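Worksheet: one structure, shown below.
Where a number appears in this text, it was derived from the coordinates with a stated rule and is not lab data. Here the structure is a predicted model, which means the values were calculated and not measured. So basically every Cβ, Gly included, is an ideal-geometry build from the backbone, and we count neighbours across all protein chains shown.
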Amino acid sequence: SQTIHQWPATLVQPVGSPLSLECTVEGTSNPNLYWYRQAAGRGLQLLFYSVGIGQISSEVPQNLSASRPQDRQFILSSKKLLLSDSGFYLCAWSVIEKDPEDRLNYGYTFGSGTRLTVV
Amino acid sequence: AQKVTQAQTEISVVEKEDVTLDCVYETRDTTYYLFWYKQPPSGELVFLIRRNSFDEQNEISGRYSWNFQKSTSSFNFTITASQVVDSAVYFCALSEDTGGFKTIFGAGTRLFVKA
């Protein structure tokens, strides 16, 4: 079965420190991968997405970067965290398949999230 | 460009009441996907339903039902006989059939169900 792992679950980091959040997917190959951030009491903001190894698209210019060193691994990084980087970070992956009528069907699954507090 | 609007920021109901969460979307694509997710206090996003743009049939799953109307670009979600466990933030989302299949979320509706 397909699963998505995201860690750590909780992280407290000082301002100016680096960040590395990792997300891995099992049970599928060549997934589309995504990083979202949810600020306290707010909706989800798409940060980055990747359609393949080494292919990263950024949606919002900011203090963060993403990398995809392997097919099923997606990493969110920062060299120096800001207070405004605090939030709930969610990794997601999507799978596209065809139904019996040859139409594309699309699924989207989230990891359990990392709650980051920058102090 | 994609856009999802959930005009209701918070809704408060008493247990056993029916409640409808509104969702209006904008897209230029003819092929797209609509989702509803539930986010309980623990934070994880729980998938509830996906609807393809080429399938306008409404769906019922237990106490949950969804009304997809392409003519008004709406995908509303109704909970019948609400329960306290339904208290959560509910997100409507839209994904277009373009490169990356990015999914854009509405701002969410926080539902409080009181006993």
Subset of the range B:3-34 (residues that are in contact with a strand residue (DSSP E or B) (Cβ under 6 Å, 6 or more places away or on another chain) and at the interface with chain A (Cβ under 10 Å from one of its Cβ atoms)): B:4, B:6, B:32, B:33
Where a residue in the range B:44-66 is more than 9 Å from chain A (Cβ to nearest Cβ) and on the phi < 0 side of the Ramachandran plot and its partner, wherever it lies, is in a loop (DSSP other than H, G, I, E, B) and crowded, with 17+ Cβ neighbours inside 10 Å, with Cβ under 8 Å and at least six apart: B:63/B:82
Can you confirm whether residue B:103 is within 14 Å of chain A (Cβ to nearest Cβ) and loosely packed, with under 13 Cβ neighbours inside 10 Å? no
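Here is a yes/no grid of residues against (1) more than 14 Å from chain B (Cβ to nearest Cβ); (2) among the β-branched types (Val, Ile, Thr); (3) closer than 30 Å to residue B:9 by Cβ:
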position	(1), (2), (3)
A:3	no, yes, no
A:21	yes, no, yes
A:30	no, no, no
A:36	no, no, yes
A:41	no, no, yes
A:51	no, yes, no
A:59	no, no, yes
A:84	yes, no, yes
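Taking the range B:86-100 as the search range and keeping residues that are of a type outside the set (Gly, Ala, Ser) and part of a loop (DSSP other than H, G, I, E, B), which one is farthest from the other protein chains (Cβ to nearest Cβ)?
Here the answer is B:98.
Can you go through B:37, B:64 and tell me which one is closer than 22 Å to residue A:96 by Cα and in contact with a strand residue (DSSP E or B) (Cβ under 7 Å, 6 or more places away or on another chain)?
B:37
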Every residue in the range A:1-19 that is surrounded by 14 or more Cβ atoms within 10 Å (Cβ to Cβ), aliphatic (A, V, I, L, M) and closer than 17 Å to residue B:42 by Cβ, please. A:4, A:11
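I'd like to check something: does the range A:41-61 contain any residue that is surrounded by fewer than 16 Cβ atoms within 10 Å (Cβ to Cβ) and within 17 Å of residue A:109 (Cβ to Cβ)? Before the answer, list the steps.
Our first condition is that a residue be surrounded by fewer than 16 Cβ atoms within 10 Å (Cβ to Cβ); within the range A:41-61, this holds for A:41-42, A:52-55, A:57-58, A:60-61.
Filter again for within 17 Å of residue A:109 (Cβ to Cβ), leaving none.
The answer is no; no qualifying residue exists.
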